[in-house]
1. Of all residues in the stretch 202-261, which are among the polar types (S, T, N, Q) and in contact with a helix residue (DSSP H, G or I) (Cβ under 8 Å, 6 or more places away or on another chain)?
2. Give the residue that is nearest to the chain's Cα centre (by Cα), with candidates limited to residues of the stretch 210-228 that are among the polar types (S, T, N, Q) and exposed (fewer than 13 other Cβ atoms within 10 Å of the Cβ).
3. Restricting attention to the stretch 132-154, does a residue exist that is in contact with a Cys (Cβ under 6 Å, 6 or more places away or on another chain) and over 22 Å from Tyr54 (Cα atoms)?
4. Only residues that are farther than 23 Å from Pro63 by Cα, among the charged types (D, E, K, R), at pLDDT below 90 and part of a helix (DSSP H, G or I): list them for the stretch 278-337, please.
5. Residue check: is Ser241 hydroxyl-bearing (Ser, Thr, Tyr) and surrounded by fewer than 16 Cβ atoms within 10 Å (Cβ to Cβ)?
6. Kindly list the number of the only condition in (1) among the aliphatic types (A, V, I, L, M); (2) buried (at least 20 other Cβ atoms within 10 Å of the Cβ); (3) under 25 Å from Ala167 (Cβ atoms); (4) at pLDDT below 95 that fails for Leu204.
7. Can you tell me which residues in the stretch 109-135 are part of a helix (DSSP H, G or I) and over 28 Å from Ala76 (Cβ atoms)?
Amino acid sequence: MIELRKKIDEYDYLYLSARIHALENKLLTRERIERMLSARTAEEAAKVLSECGYGDFPAVLTPSAIEAALDGARQAVFADLRREAPDPAMVDVFCIKYDYHNMKVLIKGEATGQDPAPLLLEAGRYPAGRLREDYEKGALDRYAPRFRQAAAEAREALASSGDPQAADLVLDRACYAELLEAAQASGSAFLEGYVRLSIDAADLRSAVRSARTGRGAAFLQRVLLPGGAVDPEKLAAAVLSGAELAGLYAHGWLSAAAEAGDEARKGGPLTRFERLCDDALTHYLSQGRRAAFGEQPLIGYLYAKESELTAIRIILTGRLAGLDTETIRERLRESYV
């Protein structure tokens with residue numbers, strides 16, 4: 001049963017909304033992105049980020065240094081907004097997925113004997129080091145019941161099947177379920193709409209990939225998630241029958257992505273399809289910029305910062321890998337600003 005918290009009046013967000021609208025001016029704009037793309041090296045590209053409020057990146061960039069810098073920036077944003085938000089639990093909704101990421105890392109590290117530390121992220125609700133220590137001691141009683149149960153089930157799924165994907169599927173299903181519960185408990189229709197759209201995007205991605213690889217009904221039943229606007233059974237039926245997916249999403253935010261998905265499932269490129277799935281979320285959440293106050297600007301800004309960090313990673317790691325500018329540009333999503 002979902003326990004609703006007392007709804008906080010939108011006027012409680014007056015100060016924070018004004019501050020967020022000011023912070024939006026420092027977000028990574030398309031013009032700043034183009035300047036990063038035109039830089040000759042990753043280090044030169046990183047200098048543009050000083051305009052966005054980022055501290056100095058290391059003088060010599062490596063993939064691990066980039067990840068550490070971005071994880072630190074994410075932690076700082078979450079901590080700052082959690083202190084300022086009338087309802088800190090709204091910020092925690094954006095932290096949940098990092099707890100599940102860390103649990104995936106811990107379970108796979110245990111199974112393979114590899115040190116999980118380099119892959120753990122500190123942006124979750126639970127400090128990564130403490131989570132690791134408690135997991136290794138089998139002492140997860142202090143954690144959310146769904147998270148704790150999913151960890152046990154994922155660990156068993158990997159042990160019995162030897163397939164890391166089996167553990168991932170268990171944790172992904174639990175993650176989205178917990179996200180939806182948290183969004184509903186917040187009392188924010190805008191936040192709940194974002195989570196439900198995220199579920200639809202995840203299901204659409206799974207449907208297209210399943211169609212491309214010829215997966216059957218049993219696999220679709222395992223990967224498709226409840227809670228979105230599109231019934232998973234109808235989506236599975238469309239995949240198995242070869243019917244177009246676009247009709248199921250025709251009147252929603254994912255309509256363009258579904259059309260691209262129909263092309264991709266027939267062998268077309270996945271890059272545009274994946275980008276349009278993410279762009280649909282950006283279009284939905286950009287409504288937060290148009291709200292003068294309330295929780296919408298906070299929710300939109302949290303998503304915008306995460307999208308910004310993703311864009312920074314794509315550009316800097318792409319430069320390190322020697323990718324040409326057009327290849328990097330194709331991987332970038334639509335900007336929030």
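The values are calculated or read from the model by the stated rules, or taken from the named source; none is laboratory data. Being a predicted model, the structure only gives us computed values, none of them experimental. Here the Cβ positions follow ideal geometry from the backbone for every residue, glycine too, while neighbour counts run over all protein chains shown.
1. Ser206, Ser210, Gln221, Ser255
2. The extreme case among them is Gln221.
3. So far as the stretch 132-154 goes, no, none of its residues is in contact with a Cys (Cβ under 6 Å, 6 or more places away or on another chain) and over 22 Å from Tyr54 (Cα atoms).
4. Passing the criteria: Arg289, Arg290.
5. Taking the combined requirement at face value, the residue satisfies it.
6. With respect to (1) among the aliphatic types (A, V, I, L, M); (2) buried (at least 20 other Cβ atoms within 10 Å of the Cβ); (3) under 25 Å from Ala167 (Cβ atoms); (4) at pLDDT below 95, Leu204 is out only on (4).
7. Glu110, Ala111, Thr112
Table: residues versus (1) touching a residue at least 24 places away in the same chain (Cβ under 8 Å); (2) of a type in the set (A, V, I, L, M); (3) surrounded by fewer than 17 Cβ atoms within 10 Å (Cβ to Cβ).
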position	(1), (2), (3)
Val230	yes, yes, no
Leu245	yes, yes, no
Ser255	no, no, yes
Gly261	yes, no, no
Thr271	yes, no, yes
Leu302	yes, yes, no
Leu309	yes, yes, no
Glu326	no, no, yes
Tyr336	yes, no, no
